[in-house]
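One structure below.
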Amino acid sequence: MYSFFNRLFKKKIYEGQIVDLKERYRVSEQEAYDGVATVYYDIIRHADQVKVGTIDLRMTVEGDMYYYGHVGYNVLPAYRGNSYAYEACRVLFEIARGEFGMDELIITCSPENIASYMTLKRLNGELLELVEVPRNHKLYATGEKTKYIFRYKIDLN
């Protein structure tokens, strides 16, 4: 599907209007603790180049990864409430489609995480389900017992 690794790759910066994504590193399936190739980015505020959070793109959501989804993000507490997660996801959608040929992404959130839920709704995805996390899943052990599962069709036209 995509050529993922070249150990000598140049770290890229993907510009958005509000935030940029600066690639930090890539982890192959063989290197990842969960067996999922992942690209990690810093979320950088475009206006002044201040790091406001992180976001990652996972290349598969098969099996137990369905509950994690393709995308994970965290906005630093001092910068929350500025729509940076929303803006970062918009840039990440372009990367997923343009660089990795992905035409669909799954993003999840816990029902208690209202800010994340509002971000996912604003991104205009399809809410697939509110699902119970299996008791033997790592998320369940951390207290995450249910997840909203959203699907996003990526069309850059």
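Every read-out reported here was derived from the displayed coordinates using simple, explicitly stated rules and does not represent laboratory data. For clarity, every value in this text was computed on a predicted model and none was experimentally measured. Glycine also receives a Cβ, built like all others from the backbone with ideal geometry; neighbour counts cover every protein chain displayed.
Yes or no, residue by residue, for (1) part of a strand (DSSP E or B); (2) touching a Cys at 6+ places or on another chain (Cβ under 6 Å); (3) polar (S, T, N, Q):
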{"residue": "D48", "(1), (2), (3)": "no, no, no"}
{"residue": "D56", "(1), (2), (3)": "yes, no, no"}
{"residue": "D64", "(1), (2), (3)": "no, no, no"}
{"residue": "G81", "(1), (2), (3)": "no, no, no"}
{"residue": "T108", "(1), (2), (3)": "yes, no, yes"}
{"residue": "N124", "(1), (2), (3)": "no, no, yes"}
{"residue": "V131", "(1), (2), (3)": "yes, no, no"}
{"residue": "Y140", "(1), (2), (3)": "no, no, no"}
Please go through region 99-125 and give me each residue that is β-branched (V, I, T) and surrounded by 14 or more Cβ atoms within 10 Å (Cβ to Cβ), ordered by number.
I106, I107, T108, T119
Out of all the residues in region 89-97, is one or more of a type in the set (A, V, I, L, M, F, W, C) and under 19 Å from T146 (Cα atoms)?
no
Restricting to region 126-153, name every residue that is surrounded by 15 or more Cβ atoms within 10 Å (Cβ to Cβ) and of a type in the set (A, V, I, L, M).
V133, L139, I149
Output yes when any residue across region 76-99 is over 21 Å from D155 (Cα atoms), touching a helix residue (DSSP H, G or I) at 6+ places or on another chain (Cβ under 6 Å) and of a type in the set (A, V, I, L, M, F, W, C), and no when none is.
no
Report yes if Q30 is touching a residue at least 24 places away in the same chain (Cβ under 8 Å), outside any strand (DSSP E or B) and of a type outside the set (G, A, S), otherwise no.
no
